[in-house]
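So the structure is just underneath, and the comments pick up after that.
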Amino acid sequence: RIGPFGKVARRPGVEIHIYDHHPGGEGHLKGDLEVIEPVGSSVTVLTHLFIKRGIHPTPDEATIMMLGLYEDTGSLIFNSTTSRDFQAAAFLLEHGANLNAVADFLTYEMTPDQIALLHELIETRTVLNVHGFDVSVAHGSADHFIGDLAMLTHKLRDMESLDALIVAVRMGDRIFMVGRSRLPDIHVGEILSEFGGGGHAFAASATVRDRTLVQVLEQLADVLQSHVDPRLEARHLMSFPVKTIEPAATVGEVRRMLTRYNINAVPVVENDQVQGIVTRQVVEKAAHHGLEQVRAAEYMQGEFATATPETPVEELKSLIVGHNQRFVPVMEQGNLVGAITRTDLLRYLVARGPRSPDSRQAAEEGGGAELKAREILRLLRENLPEKMQDLLHAMGRTGDELGVPVFAVGGMVRDLLLQQQNLDLDIVVEGDGIAFATAFARQTGGRVRSHEKFGTAVIVLPSGEKIDVASARMEYYLEPGALPTVENASLKLDLYRRDFTINTMAIALNVSRFGELIDFFGGLRDLREKALRVLHNLSFVEDPTRVFRAVRFEQRLGFYIGKQTSHLIRSAVRMGFLEKISGPRLFQEVQLILQEEKPFRAIARMGQLDLLRFIHPELALREEMETLFMQAGRALNWHELLYREEQAQSWQVYFLCLCAFLDRDALLGICERHAIAPRHREIFCGQRAQAHAALQRMERRCSEGRGEPAASEIHGWLHGFSIEVLLYLMARTCKETVRAWISTYVTQLRDEHPRLDGDDLKKLGISPGPVYKEIFAALLKARLDGKAVTRADEYDLVRRRFKSLTTS
């Protein structure tokens, strides 16, 4: 779009700075500096830079900038206008922008050519219904260039009150296209990018050469079909299977059922026919009046409308909102196949419409609350190895063969949208997950480990990679902190049981839907807002371990815990729900936190939220901890760069740092309370005490200034400690000399051993016994101190020092 400057910009050595309000795309220039913001005008981008840097334009400069701002935003009334555009206008006005001058330039009469072209556009305008959306298309021709086609497009759109309009006009040997949209579902920037143009969701343009107007219009019809998402139908929103009751169920039984499954209405079914609907509101009032033993069917709503899976969402809106029916059964051939609630509809409406003052930005970035399948496919290509992409496609084909919907869920989806690599694959199947896993393993030559009770399985591929597969299921908790009871359910209910909204998104894998993002609970919105939010207010009551996961995700992702979620965490702490977590479950969460790349931030946050005391009542945040964790991180990085076969368990090092200021009894209490494995307990309790004593000896030796210790002395201090304890000591000491001694031990001394073995001693005529230990100790000391370098040296040492025991 910048003509001959495009060639100049691509010359080697040319530095490019880009300030724009149109998002970049494939083939667009990339700048050495890019400031691209989803606002109504590039003037807004520059104005906010002026504000940030304290630059004050003159009145004439402010007037010229205001002219550009008004032109781009239609005097601040185009759909693409944002609050930042108004802030820019206010700034320019404060610095002397002359609105009379702006009005003089922007207010002008249309030329006869423009009037004639507008009349032709009105005459040729047709309406294409694309997946339920009306898109107006108008076209015209002129032998010469006619300016301000964008202005004419706006006039036509406003005159006819159109939601979406695309204009194509042949002028000479080129075809000019302008698109305008009020709907996030119709992203004209993406549509016109197919013609070599660009723009954003609500305004775009393109110029086409070497094509006829007829060819462009024919292509436009095809492009609209592929770029406009279909309107959703009832089958996309409904939940299934539906919980039902029999006519004989009492008010009390229904009340408990509604609470257990966290639902607000339930249909009464007899002989496979829906007789009526019982709502929570009615049940609660009946219980209040002492009617718990009465049949709930006595108070059911007998007159209700139903939907089919193909019922459009607009019709559902009329049923739920217009007829005040909060629960709509979905019927197919007389069978109850699903249900749609008022909450389901509300989530859909919120996702499709403006959500906040920043909703325009979100829409421009990704089409409102959604990402289209082609954007997901691009993210998959850019962020996943080709082998994993093939794996996802293969699982979709297996799902088609078995007739079950298959989805990728959880952290992999979240991190994909954040453009962070995560190769841990979790699959949910709306159907028999174990049967799916078995079939897929058979096709790929893998094997399966299944768990019938939970409907889950692990596929182990021939390469050793593992894939977790689960049947879609729901959970409910009989009491706070208890393990959940599991039942089969739909994908929606499966996702509802998860911890935070950002972990509730799924990607469809079946061939016909591959790449479709499923987001029932606003996860994409919260991902964009960098907010961590639970799905419901009892989340931390049902599973208090989520408190620790909230801290872990907040710090790992650089997000913030939402205000309501933060309140619920403090409430759960205050009411003692975290005390109900079993020791092993709590320690598992602590261990995951300590496995993070920089765990201290999470530890500090736990201190702020008063969570450390649940590990041990005496554990508290101390100023020295941050330095200790920082030094531990350096020690771990140093050890990793040694490229040794032995891997250090970072969480163990950090756990020693966390408990560094607790005494032995407190640490024993932690090990007992959390049922820490004996092999770890030996490190945390046994080796730690000995290591502290060794550290005191080394630091005392350093302070005395008696010179460098012999290698055998260093070995004697540190021999027998795990690599985790050694790295902890490197972090714990404040003396660089001591740190150097430990480094020497790890890199040079730790793996040293005598060259002679028991067979060699037998050849010398020494009978096996306790003396062997003494001999090997002497050999090792001599080797460490350079007094026995070769096997011959060691033979000589044994013959000299243990002469009385040898026969040769």
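Which numbered condition trips up Arg700, out of (1) more than 30 Å from Ala788 (Cβ to Cβ); (2) open to solvent by 10 Å² or more (accessible area, probe 1.4 Å); (3) out of contact with any Cys (no Cβ under 7 Å at 6 or more places or on another chain)?
Result: Arg700 fails condition (1) only.
Leu183 - would you say it is open to solvent by 20 Å² or more (accessible area, probe 1.4 Å), among the aliphatic types (A, V, I, L, M), in a loop (DSSP other than H, G, I, E, B) and within 30 Å of Ser41 (Cα to Cα)?
Taking the combined requirement at face value, the residue satisfies it.
Do you know which of the residues in region 333-343 that are surrounded by fewer than 20 Cβ atoms within 10 Å (Cβ to Cβ) and in contact with a helix residue (DSSP H, G or I) (Cβ under 9 Å, 6 or more places away or on another chain) is modelled with the lowest pLDDT?
The extreme case among them is Arg342.
Does Thr744 qualify as being open to solvent by 10 Å² or more (accessible area, probe 1.4 Å), closer than 30 Å to Arg634 by Cβ and within 46 Å of the chain's Cα centre (by Cα)?
So Thr744 fits the description; yes.
Report, by residue number, each residue of region 417-450 that is in contact (Cβ under 8 Å) with a residue 24 or more places away in the chain and assigned to a helix (DSSP H, G or I).
Those that are in contact (Cβ under 8 Å) with a residue 24 or more places away in the chain and assigned to a helix (DSSP H, G or I): Leu417, Gly433, Ile434, Ala435, Phe436, Ala437, Ala439, Phe440, Gln443, Thr444.
Out of curiosity, is Arg574 over 27 Å from Arg414 (Cβ atoms) and without any contact (Cβ under 8 Å) to a residue 24 or more places away in the chain?
Yes: the conditions hold for Arg574.
Residue check: is Val789 under 59 Å from the mean Cα position of the chain (by Cα), farther than 27 Å from Ser722 by Cβ and either open to solvent by 30 Å² or more (accessible area, probe 1.4 Å) or without any contact (Cβ under 8 Å) to a residue 24 or more places away in the chain (or both)?
yes
When the residues of region 517-541 are filtered to those that are over 14 Å from the mean Cα position of the chain (by Cα) and surrounded by fewer than 20 Cβ atoms within 10 Å (Cβ to Cβ), which remaining residue is nearest to Leu611 (Cα to Cα)?
Among them, the one singled out is Val541.
Taking region 441-479 as the search range and keeping residues that are among the acidic types (Asp, Glu) and modelled with pLDDT of 90 or more, which one is surrounded by the fewest Cβ atoms within 10 Å (Cβ to Cβ)?
It comes out as Glu465.
Among the residues of region 359-369, are any in a strand (DSSP E or B) and either within 30 Å of Glu194 (Cβ to Cβ) or at pLDDT below 85 (or both)?
Taking every residue of region 359-369 in turn, none turns out to be in a strand (DSSP E or B) and either within 30 Å of Glu194 (Cβ to Cβ) or at pLDDT below 85 (or both).
Any idea which residue in region 245-274 is surrounded by the most Cβ atoms within 10 Å (Cβ to Cβ), counting only those that are under 37 Å from the mean Cα position of the chain (by Cα) and part of a strand (DSSP E or B)?
Applying the filter and picking the extreme gives Val266.
Just for region 131-146: of the residues that are of a type in the set (Gly, Ala, Ser) and more than 25 Å from Glu109 (Cβ to Cβ), which one is surrounded by the most Cβ atoms within 10 Å (Cβ to Cβ)?
Only one residue tops the list, namely Ser136.
Checking the condition open to solvent by less than 40 Å² (accessible area, probe 1.4 Å), over 20 Å from His22 (Cβ atoms) and of a type in the set (A, V, I, L, M), which residue from Leu149, Leu121 passes?
Criteria check complete, one pass: Leu121.
Where the second residue is surrounded by fewer than 14 Cβ atoms within 10 Å (Cβ to Cβ) and not aromatic (Phe, Trp, Tyr) and the first is in contact (Cβ under 8 Å) with a residue 12 or more places away in the chain and lies in region 372-389, which pairs have Cβ atoms under 7 Å and are six or more apart or on separate chains?
Qualifying pairs under 7 Å: Leu379/Gln419; Asn383/Gln419; Asn383/Gln421; Met388/Leu423.
If a residue must be under 25 Å from Pro23 (Cβ atoms), among the aliphatic types (A, V, I, L, M) and in contact (Cβ under 8 Å) with a residue 40 or more places away in the chain, how many such residues does region 222-243 contain?
Result for region 222-243: 2.
Among the residues of region 755-797, what is the count of those that are out of contact with any Lys or Arg (no Cβ under 6 Å at 6 or more places or on another chain) and assigned to a loop (DSSP other than H, G, I, E, B)?
Counting residues in region 755-797 that are out of contact with any Lys or Arg (no Cβ under 6 Å at 6 or more places or on another chain) and assigned to a loop (DSSP other than H, G, I, E, B) gives 15.
Let me spell it out: the conditions are (1) closer than 28 Å to Lys580 by Cβ; (2) without any contact (Cβ under 8 Å) to a residue 40 or more places away in the chain, and Gln652 meets all of them except one. Which number is the exception?
Failing condition for Gln652: (2).
Residue-wise test of (1) touching a helix residue (DSSP H, G or I) at 6+ places or on another chain (Cβ under 6 Å); (2) under 22 Å from Ile723 (Cβ atoms); (3) of a type outside the set (A, V, I, L, M, F, W, C); (4) part of a helix (DSSP H, G or I).
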position: Val590; (1), (2), (3), (4): no, yes, no, yes
position: Leu636; (1), (2), (3), (4): yes, yes, no, yes
position: Leu667; (1), (2), (3), (4): yes, yes, no, yes
position: Ile676; (1), (2), (3), (4): no, yes, no, no
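List, please: which pairs have Cβ atoms under 9 Å, are six or more places apart or on different chains, and start with a residue in region 795-807 that is under 17 Å from Pro768 (Cα atoms) and end with one that is modelled with pLDDT under 90 and open to solvent by 50 Å² or more (accessible area, probe 1.4 Å)?
Every condition considered, the pairs that remain are Val798/Leu805; Arg799/Ser808; Leu805/Ser767; Thr806/Arg799.
Is it the case, given these coordinates, that Thr311 is over 24 Å from Met257 (Cβ atoms) and at pLDDT 85 or above?
Spelling it out, Thr311 is indeed over 24 Å from Met257 (Cβ atoms) and at pLDDT 85 or above.
From (1) of a type in the set (A, V, I, L, M); (2) at pLDDT below 95; (3) open to solvent by 20 Å² or more (accessible area, probe 1.4 Å), pick out the condition that doesn't hold for Leu609.
Status for Leu609: all satisfied but (3).
The values are calculated or read from the model by the stated rules, or taken from the named source; none is laboratory data. Fair warning: this is a prediction, and the values are worked out from it, not measured in the lab. Here the Cβ is made from the backbone with ideal geometry for all residues, glycine too, and neighbour counts use every protein chain on show. Ligands, DNA and RNA are excluded from the accessible area calculation, which covers all protein heavy atoms including side chains. Shrake-Rupley method; radii C 1.70, N 1.55, O 1.52, S 1.80 Å.
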